[in-house]
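These notes are about the structure you will find just below.
Each reported figure results from applying straightforward, stated rules to the coordinates on display, with no laboratory input. Because the structure is predicted, anything quoted here is derived from the model rather than measured. Virtual Cβ from ideal backbone geometry, glycine too; neighbours counted across all protein chains shown.
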Amino acid sequence: MGSLVVTHPFHPLHGERLDVLHSRRWGATRLYVCDGGLLGSVVLSEDATDLGPEPAERPLTLEVLAALAALVVDLAGGRGVAR
């Protein structure tokens, strides 16, 4: 089935290339079952691998979070969300 590289920064196998045993859809994402060596079979979501989407161009900053909070307030019609 090929291989993938674990890209999630906090995964114990970060940077390792793993053989894919099989994959399946789970909702809107794809899960990969890989040979994790001594760890046995490892299940990884697509976004934790090099097969997932590219990282965001814009980092998560205070300004981005403030814009997100403002959007949530707007979508909620100003109800129940304190500024």
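Inspect the range 12-31 for any residue being among the aliphatic types (A, V, I, L, M) and part of a loop (DSSP other than H, G, I, E, B) and give the result as yes or no. Yes.
When 58, 30, 17, 25 are checked against the criterion of being of a type in the set (Lys, Arg) and over 20 Å from residue 4 (Cβ atoms), 58 stands alone in meeting it. Among the residues making up the range 1-11, those that are under 16 Å from the mean Cα position of the chain (by Cα) and not in a strand (DSSP E or B) are 7, 8, 9, 10, 11. Among the residues of the range 36-70, those that are touching a residue at least 40 places away in the same chain (Cβ under 8 Å) and not in a loop (DSSP other than H, G, I, E, B) comprise 44, 48, 49.
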